[in-house]
Amino acid sequence: QKEVEQNSGPLSVPEGAIASLNCTYSDRVSQSFFWYRQYSGKSPELIMSIYSNGDKEDGRFTAQLNKASQYVSLLIRDSQPSDSATYLCAVKSQGGSNYKLTFGKGTLLTVNP
Amino acid sequence: GAVVSQHPSWVICKSGTSVKIECRSLDFQATTMFWYRQFPKQSLMLMATSNEGSKATYEQGVEKDKFLINHASLTLSTLTVTSAHPEDSSFYICSARDQVRLYEQYFGPGTRLTVT
């Protein structure tokens, strides 16, 4: 069974700090990786996608992928209180139709003013 | 770009009635849409995958006769909860896969269903 694991948190960081969110996955042949942000009572919002090893930066967000270690992370620089949300890691495995994603249970991030 | 809408945003219905939820991709074509359910403080649970012009694929444990899915066009999928019961009360969220950005899914705003 393909699994995606995340620490449930809560992860608490002060405003302006770097928040580091981690995710591991079990399916070694996974190819596509995504980070979604979900505010309480709202639906998930795609914030980053990453497909190859290394870092991908978009504004204050950096996604890091290490396929050998089956590990993907999300760094949020200069964290703001508005970043407080649950962050979901999602993985698309190789092959199969329908392009299903497997989601982790999410990490709750709290940024304290 | 990549906007997905859902209607209604919330609905209250009586036990035994049916409720239809619409999911539309507004600015892209989606051959595949996904229906999820999320209970409070729990993770997303995939219910079914909806393909345009064909039957939906349901996840294990999801009753296909209770949750009817129709994906009649490249921009519209509907989920009908039949004979709803209080335990069906949940947050129902659809997502759509962009034909161009193949692996990215974009979520609708969700529909909060309360069955009394």
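Only the coordinates and a few stated rules stand behind these numbers; no lab work does. Model, not experiment: these values are computed from the prediction. Ideal geometry is used to build each Cβ from the backbone, glycine not excepted, and the neighbour counts take in all protein chains shown.
For segment B:7-116, GluC sites (Glu not before Pro) meeting the loop criterion (DSSP other than H, G, I, E, B) and having at most 10 other Cβ atoms within 10 Å: B:GLU63.
Note: the protein assembly as shown, Cα convex hull, 121 Å³ per residue. Quick one: net charge around A:TYR25, please, counting Lys, Arg +1 and Asp, Glu -1 for every other residue with C-beta under 15 Å from its C-beta. It works out to a net charge of +3. Centre-to-centre, using Cα atoms only, segment B:77-116 and segment A:55-113 are separated by 22 Å. Calculated FRET efficiency, A:TYR39 to A:LYS105, Cβ-Cβ distance, R0 = 22 Å: about 0.85 to the nearest 0.05.
What shape does chain A take by its C-alpha gyration tensor, where a ≥ b ≥ c are the square roots of the eigenvalues and a/c under 1.5 counts as rounded, a/b above b/c as prolate, and the rest as oblate? Since a/c reaches 1.5 and a/b is larger than b/c, the shape of chain A is classed as prolate.
Modelled label positions at A:TYR71 and A:GLN31, each set 7 Å beyond Cα in the direction of Cβ, lie 2.5 nm from each other.
May I ask you to derive the relative contact order of chain B, considering only C-alpha pairs under 8 Å and at least 6 residues apart, and to give it as an integer percent?
Values: 299 pairs, mean separation 42.2, N = 116.
36 percent.
Legend: mean number of C-beta atoms from other chains within 10 angstrom of residue C-beta atoms, peptide B:44-52, equals 3. In chain A, once you exclude exposed GluC sites (Glu not before Pro) (DSSP loop, at most 15 other Cβ within 10 angstrom), what's the longest stretch remaining? Answer - A:16-113. Loop-located trypsin sites (Lys or Arg not before Pro) in segment B:55-116 (DSSP state other than H, G, I, E, B) with a sparse environment of at most 12 neighbouring Cβ atoms within 10 Å: B:LYS55. Taken along the Cα-to-beta-carbon direction at a fixed 7 Å, the label points for A:GLN80 and B:SER83 span 5.0 nm. The magnitude of the dipole of segment B:8-116, with charges of +1 and -1 set on the Cβ of Lys/Arg and Asp/Glu and taken from the Cα centre, is near 160 debye.
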